[in-house]
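Below: the structure, in structure tokens.
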Amino acid sequence: MNSGEYKEIFLTEAREYLSNLNNSLVLLEKDPSQVEAIREIFRAAHTLKGMSATMGYDPMVRLTHQMEAVLEPIRSGTQSLSTRLVDILFVCLDQLSKWVDVLANQDFIEEEGLQSALQLLASAGQEGNGPGMAPAPVPVSPTASQAFLSFSENEREVLIQATRGGLAIYKIAVELSPDCVFKEVRAFMILKNMNERGEIAKSIPAPEEIEKGHFSKGFILVVVTDSTAEQLRQAAGSVAEVAMAEVENLKPEDLATPPVTEQGEGSGMAQGGSKASASTMVADDRHFALPTIRVHTSKLDKLMALVQELVISKIRFEQVANTKALRELSDPLSQLHHITDELQDEIMKVRLMPVKQIFDRFPRMVRDLARNLNKQVDLEMDGAEVELDRTVLEEMSEPLVHLLRNAVDHGIEDPEARAREGKDPYGTIRLQAKREKSQVIISISDDGRGIDPDVVRQKAVDKGLVTPDETAKMTDEEAIRLISLPGFSTVDSATEISGRGVGVDVAKTKVEAVGGVFRIQSKKGQGTTFILRFPLTLAIIKALLVRCKAEVFAIPVVNIIETVDVTPAEKRTIQQQEAILLREEVIPLYPLQELLEMPDTETGDASGLETVLITEVGESRVALRVDEVVGQQEIAIKPLDRLLKGIRGFSGATILGSGKIALILDVNSLVEDLKDKRFQAERSLMEKDDTHADPHS
Amino acid sequence: MSLPKPETTGLSKPETTQAQWVVFTLAGCESAVAIRQVREILRVGEITRMPKAPLFLEGIINLRGKIIPVIDLKKRFQMPPVDRTEESRILIVEIQDQIVGFLVDKVVEVLRFSKTAIEAVQGPILTVGAEFLDGLIPMDRRLIFLLNLKKLSTLDDAKALPDPHSPTEARNFGH
């Protein structure tokens with residue numbers, strides 16, 4: 001590892017500690033009695049000091065050292081935390097963050113900012129300029145070493161109950177032969193046999209892991225049964241490729257033995273028959289128990305890309321085997337299919353990160369905003385542990401920042417106004433994440449003034465975004481949606497915080513760009529909720545493949561509501577716009593070839609039936625006419641590079657099993673562009689009529 | 001005070017060492033790009049058309065799992081069309097993290113000459129605007145255009161050449 005890699009690690013960790021510091025400080029500011037938060041701050045400052053010292057970043061060492069010195073009397077309880085000190089500590093944190101940002105681009109930091117921060121700290125604590133000895137860190141509890149075949153109080157209870165009921169407890173150590181190919185199959189068979197004879201009370205590793213073949217050589221089961229040891233041995237040994245099956249009867253007193261220590265010899269496990277093989281299993285399992293390792297995200301991306309390639313090659317193999325009817329290949333191919341599926345799944349899981357990663361900086365952000373605006377705001381966060389693919393997480397951060405700012409700035413009223421309304425002067429913003437199938441739903445709700453649909457109507461008309469006629473026809477819900485139009489703002493003076501009210505518009509665009517869905521709910525006087533739905537991953541999605549002319553395109557399934565065959569009788573033309581009538585709903589119809597600006601040639605078969613996809617574009621539905629639906633499959637999304645991104649209407653591309661490329665359609669932009677084009681054409685036609693100018697040839 | 005960094009077009013940096021250039025033909029015109037910019041030279045396989053793209057974007061190809069745009073330089077310079085042959089190639093070049101393929105009629109040879117041999121270009125030559133040229137190499141009876149790949153690696157054709165097609169005419173898709 002070179003020094004650059006050390007720096008990378010330093011930067012990542014320093015950011016984590018700074019984010020912890022910020023959050024603990026926000027907590028502490030609200031409730032100064034939070035002892036744990038003080039300890040946390042102290043710990044983080046101390047660790048940061050140590051890290052900076054190792055890297056030789058002297059100004060950081062000096063500042064964190066002084067922070068520790070000032071915090072010490074507070075930690076020991078001899079002094080209480082003043083609001084002034086909290087403010088000063090925030091200033092110090094900002095200075096530290098600034099240095100970390102600088103270090104991302106260069107290898108040294110200037111002392112600039114250090115003196116003023118030190119002076120602030122010195123002015124805060126009377127003992128701040130004392131000897132400033134480095135206090136000992138609060139000991140962190142050692143991570144629990146993985147106990148080996150130890151039983152919890154509960155498990156022991158259940159097992160002892162079972163022996164009283166006349167059943168016996170056996171420990172079965174199974175080892176598969178080293179060249180076993182179908183590990184998971186064999187393991188599954190053994191589990192099945194055991195389940196037929198009794199109940200598996202405990203296993204190492206967990207049963208799901210065993211079924212997936214996630215063990216090195218073997219595994220251990222604890223079975224409660226009325227069978228004999230010999231019967232169990234046969235049940236396990238009858239499965240092919242089992243190298244060893246040791247069965248040992250456990251007495252209730254065996255269960256009482258305390259958890260085995262890591263010094264494996266003579267331990268509970270080794271009491272089993274084969275000492276040598278058992279202890280190698282212990283070693284392997286302990287290896288599994290290593291807590292975590294840090295991997296650079298680019299390596300994960302690379303891995304993901306390789307798996308995608310693998311999936312594509314696999315599909316090609318399958319196609320060849322199919323067309324050539326190579327029956328001998330069907331077994332190995334289904335095995336390959338199984339493995340690649342699981343590999344893809346596992347790598348996807350590795351790429352998942354908790355939303356905490358971005359939620360963590362919000363408490364400080366909301367606090368600062370509220371302070372600047374003289375508002376009182378509580379940020380409640382829920383579901384920070386919900387996990388999402390890293391790329392989605394990155395795309396999610398910006399919309400959330402916009403919406404939170406919006407909530408503090410426009411949503412929550414100032415304390416006086418709230419008091420007049422009979423509300424708690426403290427406004428509440430709730431940021432919530434939850435997982436629903438393959439989607440993650442993030443909601444941001446405030447208990448502020450809400451959105452007044454009539455004000456929105458008026459404003460939209462004033463800004464020339466809609467006509468008075470149009471607003472009159474809108475429901476309140478539809479009117480509220482107008483705030484997400486580009487350039488709309490409900491507040492007259494553009495504030496420093498949410499700019500010119502571009503927030504909602506930008507957030508909506510961003511969310512939809514990653515295939516998400518954006519919704520607004522609001523009740524005047526009661527508050528506003530923004531609901532954002534994100535796909536769990538952007539790397540691999542389900543898509544419908546459609547043909548238009550000779551080309552095949554992919555449309556994400558999440559955007560499609562249904563596919564229908566439309567007869568001429570079901571079509572309408574309203575103001576030169578084709579539409580279809582579907583269950584009493586009029587849906588505008590666009591031919592895909594026109595959206596894609598492909599030359600118009602005769603389409604539709606003799607029957608007059610047209611294949612139409614009903615898609616959801618933003619808030620409204622759009623029908624797309626395609627030449628053919630080819631099928632549905634999982635596709636790996638390849639990003640388009642800078643140059644190609646300039647062409648609107650495509651969110652990426654994918655490589656089909658045949659090796660051919662299929663572009664992934666962004667139906668929203670395609671429809672917008674076509675509407676624009678038609679509008680322009682109409683206008684130039686009108687201008688021509690007005691001036692009677694010669695048509696341009 | 002330090003001076004602003006000169007554009008690395010090759011011209012502004014006086015250099016005596018000999019650089020290597022990949023020479024190819026476009027509708028009979030000989031052109032060249034620096035060999036260090038060329039990542040690889042491919043035979044022309046299947047190129048997927050990209051709808052809504054400018055005409056000179058020939059399409060996109062799958063290069064070992066990466067989607068690479070392919071630009072047809074003849075269309076870009078509005079040179080007479082030449083049918084694809086066995087000798088047609090795609091030059092994969094890398095310019096500032098951007099990988100682009102250029103469709104050419106034939107790769108002729110790799111030449112070595114020093115930067116002092118390069119002559120500056122004053123105005124457009126044939127249909128090629130001066131901004132797309134880093135210079136010219138006159139050799140015996142040959143004249144080799146040195147292309148500025150950075151300027152060519154964009155779909156922004158507003159400045160390239162006046163578009164003879166009226167804007168309302170739909171862009172052709174497919175042949």
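Here, each number is a calculation from the coordinates, and none is a lab measurement. Keep in mind that what you see is a predicted model, and the values were worked out from it rather than measured. Positions of Cβ are backbone-derived with ideal geometry, glycine not excepted, and every protein chain shown enters the neighbour counts.
Assorted remarks:
- Residue-count net charge about A:Lys638 - beta-carbon cut-off 15 Å; Lys, Arg +1, Asp, Glu -1: +1
- Close amide H partners of A:Tyr426, meaning residues 5 or more places away or on another chain with modelled amide H under 5 Å apart, do not exist here.
- Stokes-Einstein D for region B:18-149, Kirkwood Rh over Cα pairs, 4 °C, 1.567 mPa s (µm²/s): 85 µm²/s
- Overall Cα dimensions of region A:540-679 - principal axes, largest extent first, Å: 41, 32, 29
- Each 5 Å bin from zero up to the one holding the largest Cα-Cα distance in region A:326-425 carries the following percent of pairs: 2, 11, 15, 14, 11, 9, 8, 6, 5, 5, 4, 3, 3, 2, 1, 0.
- DSSP-defined antiparallel bridges as percent of all bridges, region A:520-663, nearest 5: 90 percent
- Derived scalar couplings between HN and Hα for region A:45-52 equal 4, 5, 4, 4, 4, x, 5, 5 Hz in order, rounded to whole Hz, by the Karplus curve 6.51 cos²θ - 1.76 cosθ + 1.60 (θ = phi - 60°), x for Gly and Pro.
- Model label points for B:Val107 and A:Glu385, set 7 angstrom from Cα along the Cα-to-Cβ axis, are 5.6 nm apart.
- Unit Cα scatterers, Debye sum, region A:643-685: log10 I(q)/I(0) for q = 0.13, 0.29, 0.31, 0.34 Å⁻¹: -0.41, -0.95, -0.99, -1.05
- Net charge over other residues, Cβ less than 10 angstrom from the Cβ of A:Ser658 (K, R count +1; D, E count -1): +1
- Between the amide H of B:Ile67 and any residue lying 5 or more places away or on another chain, no distance stays under 5 Å, with hydrogens modeled in the peptide plane.
- Rg/Rh (Cα only; Kirkwood hydrodynamic radius) as it applies to region A:297-353: 1.10
- Listed values for region A:518-529 are Karplus-derived 3J(HN,Hα) couplings in whole Hz (6.51 cos²θ - 1.76 cosθ + 1.60, θ = phi - 60°), namely 10, 9, 10, 10, 7, 10, 4, x, 10, x, 10, 10, and x replaces Gly and Pro.
- Its residue count N fixes a reference of 2.2 N^0.38 Å for region A:3-124, and the Cα radius of gyration divided by that reference is 1.02.
- More than 19 Å apart - percent of Cα-Cα pairs taken over region A:355-535: 57 percent
- Computed from backbone phi, the HN-Hα couplings of region A:387-404 come to 9, 9, 4, 3, 5, 5, 4, 4, 6, 7, 4, 5, x, 5, 4, 4, 6, 5 Hz, rounded to whole numbers (Karplus: 6.51 cos²θ - 1.76 cosθ + 1.60, θ = phi - 60°; Gly and Pro given as x).
- Shape parameters for region A:327-368, alpha-carbon atoms, Rg then Dmax in Å: 20.6, 67
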